[in-house]
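Asks: Okay, handing you the structure first.
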Amino acid sequence: MAKRDLILLALDPSPTLGLMERALSAAGFGVAVVHDCVGLNKSIQEAIPALLIIGEKFSNQDGFSVSREVLERFPTLPIVLYADKAATDLAKSAFITGLSGYLYPPLKMSDIVAEVQGGLARARKLGDWLRREVKRTTASLAEKADFSEAERQKLDAIIANIQDGVIVLDSYRNIILINHAVCDIFDLNGVDLVGKSLTVAIPNEDIKALLVRADDGPLKYHEINFNDGRVYNAQYTPIPHIGSAITMQDISYLKELDRLKSDFIHTISHDLRSPLTAILGYAELVERTGPLNPNQQEFLHRLQGSAQHITMLVNDLLDLGRLDAGFDTRREAVHLENVLKYSLDIFENQIRKKNLKLVVDIAPNLKTLRANPIRIRQMLDNLVGNAIKYTPEEGNVRVSISMQEDQIVIKVEDTGVGIPPDEQGRVFEKFYRATNVVKGAQGSGVGLAIVKSIVESHQGRVWVESTVGEGSAFIVLLPTQD
Ligand code: ADP
């Protein structure tokens, strides 16, 4: 037998209450009576009535206020108000309160049943509509969830199969995601790394150094070297609201190519040195073997000039080879101001010829540097030489040396042609000359590569800040040791 709808009567004892009980029971409803608000609340919660009939006055309370409270908590429960007498205000208040209907004397049993049935019918319609809506919304949410799950799986598959290593970290640098490539690189297959701290999961010195450098400032690349010769280029990228990501690409083949190129250059430079020495030697002998006419004299000078130029280049390349191979190990106390003085001496003529204004600014508290004085001189010669070479006549060149904590800061500034922004990183590469290089400015693009190698072999850093048409500033940081 179908469960009977329960009608809850919240009415003070009266003949009407009895009438209602009889009328509703006779119509097949279940009937329960409560006499106060405590009982009302309990019954609503436990018995779950299908409809509530409440007196305009109930247990010394205002039936409207009690109804409002009930509707706050059970907005779909139909409530019929029983008033002592008919009044227009009553209908208005019932409507405003959100009641399902109202009854007033004189009452017939059929009135009571009709009102209750009407209220239940409306509540049922509302319930059906609600259920349909909930179903519809849940279906669309489920669809969306399916879609995002599919997207997530797709993304997982992409990251898992990508050739490059990918690690995603949370803001505490615990691993959120790590792909197969990384596990292969570090030989960590089969270990569950998610949730672990990166430095614990992958105890690699280069990874640690990468994180330290990332903390120091915006870091772009860091090399990860392995004993078996593999080299990876790691990039650290902060991800807002998540943490960060590290991607790693295998650059072993590029490193190998670079090494082959350097070996090749070194061999060629070495082989060129002897014939060049012979050319210069014989050119000198020609002058001594007898008087030359002016034409012969000029040709000979040109020949000597060119041979000297090639000799300088060859020497530069050999130097670069030695520096790159790590042969520069000589270290002694170097007073930078003295080295700079010697360096500026050799440029005196050129500065005068171009009518450049030279400013030298050396801080009084300079510490001594433990370095190779010959290399430091070579570095200064290259930087000052470039500043003079790439600055038009009447321009300014400024060389300053100062201390910044335990580091010496060397700054060589000029008001020359400048370097285009996208080429500023490249001018330190071997043989790279900027696209705006002054016509006729002699050079081979090796000087700054030598500067960089020297600075790095002294554990320092070098970079350029430049604006085309305004000038450049080359900045070198060298750590001091007491
Ligand atoms: P080189 O001067 O022999 O060409 P470098 O390696 O010393 O080679 O410099 C590389 C390039 O960087 C130069 O060709 C030039 O384009 C640019 N460059 C270097 N120093 C300066 C400077 N002070 N002002 C403008 N451009 C410069």
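Asks: Over segment 1-129, average the accessible area per residue using a 1.4 Å probe and give it in Å², no decimals. Don't jump to the answer; show the numbers that get you there.
Replies: Values: 7160 Å² over 129 residues.
The answer is 55 Å² per residue.
Asks: Give me the distance between the Cα centres of segment 235-307 and segment 332-386, rounded to whole Å.
Replies: Using only Cα atoms to place each centre, the spacing works out to 24 Å.
Asks: Looking at the square roots a ≥ b ≥ c of the eigenvalues of the Cα gyration tensor of the chain, which shape do they give, rounded for a/c under 1.5, prolate if a/b is larger than b/c, or oblate?
Replies: Working: a/c = 4.64, a/b = 3.65, b/c = 1.27.
It is prolate, given that a/c is not under 1.5 and a/b is the larger ratio.
Asks: Going through segment 218-286, which trypsin sites (Lys or Arg not before Pro) have at most 15 other Cβ atoms within 10 Å and a DSSP loop state?
Replies: Values: sites: Lys220, Arg230, Lys255, Arg259, Lys261, Arg273; in loops: Lys220, Arg230.
Loop-located and lightly packed - Lys220, Arg230.
Asks: Do you know the relative contact order of segment 10-94, to the nearest whole percent, from alpha carbon pairs under 8 angstrom that are 6+ apart? Walk me through the numbers before you get to the answer.
Replies: Numbers: 80 pairs, mean separation 25.2, N = 85.
Here the relative contact order equals 30 percent.
Asks: Could you tell me the distance between the Cα centroids of segment 457-482 and segment 48-79, to the nearest Å?
Replies: Here the two parts' Cα centres lie 82 Å apart.
Asks: Ranked highest first by the average count of other Cβ atoms within 10 Å around their residues, in what order do 75-85, 13-23 fall?
Replies: 75-85, 13-23
Asks: Still on this structure: Placing +1 at every Lys and Arg Cβ and -1 at every Asp and Glu Cβ, with all other atoms neutral, what dipole size does segment 145-217 have around its Cα centre, in debye to the nearest 20?
Replies: Working: 6 positive and 13 negative charges, 26 e Å.
The calculation lands at about 120 debye.
Asks: Anything over 24 Å Cα to Cα? Flag those among Lys154/Lys208; Lys367/Lys411; Lys255/Lys452, in the order listed.
Replies: Numbers: Lys154/Lys208 31 Å; Lys367/Lys411 16 Å; Lys255/Lys452 17 Å.
Checking Cα-Cα distances, Lys154/Lys208 exceed 24 Å.
Asks: Expressed as an acute angle from 0 to 90° and rounded to the nearest 10, what is the orientation of the C-alpha long axis of helix 336-353 relative to the principal long axis of the chain?
Replies: Tilt of helix 336-353: around 70 degrees.
Asks: May I ask you to give the percent of accessible area on the chain that is carbon plus sulfur, with a probe radius of 1.4 Å?
Replies: On the way: 15560 of 28330 Å².
The nonpolar share, carbon plus sulfur, comes to 55 percent.
Asks: Shifting gears a bit: Can you tell me, using C-alpha contacts under 8 Å and at least 6 residues apart, the relative contact order of segment 298-439 as a whole percent? Before the final figure, lay out the partial values.
Replies: Working: 152 pairs, mean separation 29.1, N = 142.
Averaging sequence separation for qualifying contacts and normalising by length gives 21 percent for segment 298-439.
Asks: Round to the nearest 0.05 the FRET efficiency obtained for Val438 and Asp146 when R0 = 45 Å and r is the Cβ-Cβ distance. Intermediate results must be reported in sequence, preceding the final value.
Replies: Values: r = 64 Å, r/R0 = 1.43.
Efficiency, from the Cβ-Cβ distance: 0.10.
Asks: May I pose another question? Share of antiparallel DSSP beta bridges in segment 143-236, in percent to the nearest 5?
Replies: Beta bridges within segment 143-236, antiparallel portion: roughly 100 percent.
Asks: I would also like to ask the following. Loop-only GluC sites (Glu not before Pro) in segment 350-421, please: DSSP not H, G, I, E or B, and at most 12 other Cβ atoms within 10 Å. Please list the in-between numbers first.
Replies: On the way: sites: Glu393, Glu394, Glu405, Glu413; in loops: Glu393, Glu394, Glu405.
Answer by residue number: Glu393, Glu394, Glu405.
Asks: Quick check of the Kirkwood formula: for segment 245-404, what is the inverse mean of 1/r over all pairs of different Cα atoms, in Å? Let's see the in-between values first.
Replies: Values: mean 1/r = 0.0509 Å⁻¹.
About 19.6 Å for segment 245-404.
Asks: Of all chymotrypsin sites (Phe, Trp or Tyr not before Pro) in segment 158-227, which ones are in loop regions per DSSP and have a Cβ with at most 13 other Cβ atoms within 10 Å?
Replies: Values: sites: Tyr172, Phe186, Tyr221, Phe226; in loops: Tyr172, Phe186, Phe226.
Those satisfying the criteria are Tyr172.
Asks: Let me ask another. Ranking request for peptides 102-111, 443-452: highest mean number of other beta-carbon atoms within 10 Å first, then the rest in descending order.
Replies: Working: 102-111: 14.0, 443-452: 20.5.
Descending mean neighbour count gives 443-452, 102-111.
Asks: When a/c reaches 1.5 or more, the comparison of a/b and b/c decides; with that in mind, is segment 294-341 rounded, prolate or oblate per its Cα gyration tensor?
Replies: In terms of gyration-tensor shape, oblate.
Asks: When a/c is below 1.5 the answer is rounded, else prolate if a/b is larger than b/c, else oblate, so apply that to segment 4-137 with a ≥ b ≥ c taken from the square roots of the Cα gyration tensor eigenvalues.
Replies: Details: a/c = 1.44, a/b = 1.34, b/c = 1.07.
Rounded shape, in that the Cα axes give a/c under 1.5.
Asks: Given the rule -39500 (n - 2.57) for each run of at least 4 DSSP H residues, summed and divided by the residues of the chain, what is its mean residue ellipticity at 222 nm, to the nearest 500 deg cm²/dmol? Could you put the intermediate results ahead of the total?
Replies: Values: 13 runs with 234 residues, N = 482.
The helix contribution divided over the chain gives -16500 deg cm²/dmol.
Asks: To continue, here is another question. Where only protein heavy atoms count, and the probe is 1.4 Å, what is the accessible area per residue for segment 331-481 in Å²? Intermediate values should be presented prior to the final figure.
Replies: Numbers: 7530 Å² over 151 residues.
Per-residue value: 50 Å².
The values are calculated or read from the model by the stated rules, or taken from the named source; none is laboratory data. These numbers come from a predicted model, not from an experiment. Backbone-built Cβ (ideal geometry, glycine too); neighbour counts: all protein chains shown. Heavy atoms of the whole protein, side chains included, go into the accessibility calculation; ligands, DNA and RNA do not. Shrake-Rupley method; radii C 1.70, N 1.55, O 1.52, S 1.80 Å.
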